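The structure under discussion appears below in the form of structure tokens.
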Amino acid sequence: MSETLELFLVEDDDDFAYLMRKSLERAGHKVTVCHNGADALIVLGHSQFQLVLLDHGLPDMGGLELLHTLKREGIVTPVLMVTGRGDEHLATQVLRAGALDYVVKDSALTFLADLPKRVQESVTRHRLQQTNRLLIEALESARDGVLITDLQGVIQHVNGALERMFGYEREELAGQTPRVFKSNVHARELYEELWRTILARSSWQGELINRRKDGTLLDVSLAISPILDSRGQLTHFVGIYRDITERKLMERQLFHAQKMQSVGTLAGGVAHEFNNLLAGVQGYASLGLRETGVPATARQFFEFIVQLSDRAANLTRQLLAFARKPALTRQPTSMVKLLQTTANLVRTSLKVEVEVEAPQTEDDQGLLSMADSNQLQQVLINLALNARDAMPQPAPHPVVFRLQHVVLAGEMPGFPDNVPAGDYVVLSVADRGAGMSQAVLSQALDPFFTTKDVGQGTGLGLPVAFGIIHGHFGFLNIQSEVGKGTRVSLYLPRLTAAGPIKVAVQTPVLEPDHPPGKNILVIDDEEAVLDVVRRFLQIAGHTVHCATSAKQGLELMHNGPSMDMAILDLMIPHEEGSANFRALRARSPKLPILLCTGLLQNDQSQQMLQQEGVDLLRKPFRMNELWYAVNKAIS
């Protein structure tokens, strides 16, 4: 049984109206009849029909006029024009006015037999047109770029999203092939595999780096599928492009953050263990220098060992700074003064021309940050040296130090991290040198990576800067372009109200007179450190009790003499430093404790340092540093 259609017949001739209605009703359709254009407009404005059969010669208005009026009123019911003459010119006018088709009424009424079929064809045609219109609108509304090609890859159609994605007008792409987007990044084998897949009537999906019209590169996800006709013949290909540039950037940032965290953890662990070893090496060398009768050559060797140990200790400090464990003495710091002081230092000491761009204000209290000025100054100096080395010599342009106050309402994309919303003081160092490619930039923060000649750099400058800035709860952002230069920006949280803070400060290095001998408990898992500390303190006249664990140290306190102080290593394997500290204090609440660590900054030590009778000594240490710390604790 054929489909029942709701039809609207506009016909002023009663006889024709009756005959047409009967013909359509016999085919199973429902027909509403109207005799003039004015009434038809009213009915069509309030009712829905699947087709209007419209007589061209109405008494109050012509069929063409009614068609135009319907369009003007926004009435979109499809129309089949019925005319008494088969005029080709009239047919053209009717179709241009928006009718689906036209039927000629003949005096022999033969058109009636064919009328139901023509009606069904018109409704089917309208539905196909609506479907096509919907598909086209959906295609143009899609956020992904869509491209249709023939079997040779010649572009037949693109949507607006693809135009915007690649910067081409669709007229420019018509007749081209997708090779116009080729970046020459990928191997030929990738494209050969792509063609083999789609010609075998399978879909291909992958990620490509394409090139826009302006030459910039674009990361895309591409899915290509074959299009088959009703007979199953392959006719076209459709490609769907999705811009994944932002996603790839986030992936690279996440990968970099994970890599930096892993390498930082490794660097921190290595540096801590290395500092333990250095404490022993440097300690034994110092003890050797105190021995009488040491030959001059041996004494010189001991001095070399001490000097090399100092250099090694400096390297571990850089590694720990990269691992974001720097020794930060943070206090309210004027960024204006810091920038100007550093610029003067770089000009006079390093002979680097520096241009300073900073707000000209009488009061710089609005540009404060909680910072360690020495550490930040070291970062700026390292960045200035990098900037100098990136420019040809003699440098045609100065290195630029810039200070800005920036308030970010939302997250700002950047490398290696996005900078979250916040109120920042921004220090930046810029040059107009060679710049970095994306490949070099992606490795710029890797420890020991450098583009300088052998012996010209350690590759720790940027990684150390990264660690120090993160230690300030700030963010480092690098912008670089080959041939145009590099800008490194340091985003530091702005301090809105300066106030006093309590910080742990490294004690000065002095060698006082020997105090009366004391009983000192030393807890450290490293036998060499224990031996060196014991010998140092025995030289100073103290009695030393050594333990390799907190448990052993507590047993010595229980069974041995009363202890005047304890030296506690915070990084004993399988033990927790703060728990050991609490156990010692529980045993002897007033016991002075000197915390000892191979890290530059130990998070768990900060709370302990707030208590009375607690101080911190960092490995490796010199003999007089240990003496001073011990005398300070027991005085």
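Out of Leu162, Leu194, Leu190, report the one residue that is more than 20 Å from Glu140 (Cβ to Cβ), surrounded by 14 or more Cβ atoms within 10 Å (Cβ to Cβ) and out of contact with any His (no Cβ under 9 Å at 6 or more places or on another chain).
Matching residue, one of Leu162, Leu194, Leu190: Leu194.
Read through the list (1) surrounded by 14 or more Cβ atoms within 10 Å (Cβ to Cβ); (2) of a type outside the set (A, V, I, L, M, F, W, C); (3) within 15 Å of Gly63 (Cβ to Cβ), then give the number of the only condition that Asp39 fails.
Result: Asp39 passes all but (1).
Do you know which residues across the stretch 64-108 are among the charged types (D, E, K, R), in contact with a strand residue (DSSP E or B) (Cβ under 6 Å, 6 or more places away or on another chain) and surrounded by fewer than 17 Cβ atoms within 10 Å (Cβ to Cβ)?
The answer is none; no residue qualifies.
Looking only at the stretch 390-434, count how many residues are touching a Gly at 6+ places or on another chain (Cβ under 6 Å) and part of a loop (DSSP other than H, G, I, E, B).
Final tally of qualifying residues: 4.
Given the conditions (1) loosely packed, with under 12 Cβ neighbours inside 10 Å; (2) touching a strand residue (DSSP E or B) at 6+ places or on another chain (Cβ under 7 Å); (3) under 22 Å from Thr245 (Cβ atoms), and given that Arg179 satisfies all but one, which numbered condition is not satisfied?
Here Arg179 clears every test but (2).
For Leu338, which of the numbered conditions (1) over 19 Å from Val529 (Cβ atoms); (2) modelled with pLDDT under 85 fails to hold?
Condition (2) is where Leu338 drops out.
Working only within the stretch 128-149, note down all residues that are under 29 Å from the mean Cα position of the chain (by Cα) and not β-branched (Val, Ile, Thr).
Ser141, Ala142, Arg143, Asp144, Gly145, listed by residue number.
Looking at the stretch 343-351, is at least one residue at pLDDT 75 or above and crowded, with 19+ Cβ neighbours inside 10 Å?
Within the stretch 343-351 (the criterion being at pLDDT 75 or above and crowded, with 19+ Cβ neighbours inside 10 Å), the answer is yes, since at least one residue qualifies.
Identify the residue in the stretch 238-270 that is at pLDDT 75 or above and assigned to a helix (DSSP H, G or I) and, among all such residues, is farthest from Glu207 (Cα to Cα).
Here the answer is Met250.
Scan the stretch 6-34 for residues that are of a type in the set (Asp, Glu) and touching a helix residue (DSSP H, G or I) at 6+ places or on another chain (Cβ under 7 Å) and jot them down.
Glu11
Considering every residue within the stretch 594-617, establish whether at least one is of a type in the set (D, E, K, R), exposed (fewer than 15 other Cβ atoms within 10 Å of the Cβ) and at pLDDT below 90.
Yes.
Could you go through the stretch 393-400 and let me know if any residue there is farther than 18 Å from Thr496 by Cβ and either within 25 Å of the chain's Cα centre (by Cα) or not assigned by TED's automatic domain parsing to the domain that holds His472 (or both).
The answer is no; no qualifying residue exists.
Given the structure, is Gly28 loosely packed, with under 15 Cβ neighbours inside 10 Å, part of a loop (DSSP other than H, G, I, E, B), assigned by TED's automatic domain parsing to the domain that holds Arg127 and at positive phi?
Considered against the rule, which asks whether it is loosely packed, with under 15 Cβ neighbours inside 10 Å, part of a loop (DSSP other than H, G, I, E, B), assigned by TED's automatic domain parsing to the domain that holds Arg127 and at positive phi, Gly28 comes out as yes.
Check Thr235, Thr197 and return the single one that is of a type in the set (S, T, N, Q), outside any helix (DSSP H, G or I) and at pLDDT 90 or above.
Thr235
Looking at the stretch 52-79, I want the residues that are in a helix (DSSP H, G or I) and have a partner that is polar (S, T, N, Q) with Cβ atoms under 9 Å, at least 6 apart or on another chain. Which pairs are those?
Gly63/Thr83; Leu64/Gln93; Leu70/Thr77
Consider Thr131 carefully, then state whether it is part of a helix (DSSP H, G or I), in contact (Cβ under 8 Å) with a residue 12 or more places away in the chain and either touching a helix residue (DSSP H, G or I) at 6+ places or on another chain (Cβ under 8 Å) or not acidic (Asp, Glu) (or both).
Judged against the criteria, Thr131 is not a match.
Report whether or not Val123 is in contact (Cβ under 8 Å) with a residue 40 or more places away in the chain, hydrophobic (A, V, I, L, M, F, W, C) and not assigned by TED's automatic domain parsing to the domain that holds Gly239.
yes
Say we look at the stretch 285-295 and pick out the residues that are surrounded by fewer than 18 Cβ atoms within 10 Å (Cβ to Cβ) and of a type outside the set (Lys, Arg); which of these is nearest to Leu626 (Cα to Cα)?
It comes out as Leu287.
Any chance the stretch 571-590 includes a residue that's closer than 26 Å to Asp310 by Cα, modelled with pLDDT of 90 or more, in contact with a helix residue (DSSP H, G or I) (Cβ under 7 Å, 6 or more places away or on another chain) and of a type outside the set (Asp, Glu)?
No, every residue in the stretch 571-590 fails to be closer than 26 Å to Asp310 by Cα, modelled with pLDDT of 90 or more, in contact with a helix residue (DSSP H, G or I) (Cβ under 7 Å, 6 or more places away or on another chain) and of a type outside the set (Asp, Glu).
Would you say Arg201 is charged (D, E, K, R) and touching a strand residue (DSSP E or B) at 6+ places or on another chain (Cβ under 7 Å)?
Against the criterion (charged (D, E, K, R) and touching a strand residue (DSSP E or B) at 6+ places or on another chain (Cβ under 7 Å)), Arg201 qualifies.
The values are calculated or read from the model by the stated rules, or taken from the named source; none is laboratory data. Quantities reported herein were computed from a predicted structural model and do not represent experimental measurements. Here Cβ is always computed from backbone atoms with ideal geometry, including for glycine, and neighbour counts include all displayed protein chains.
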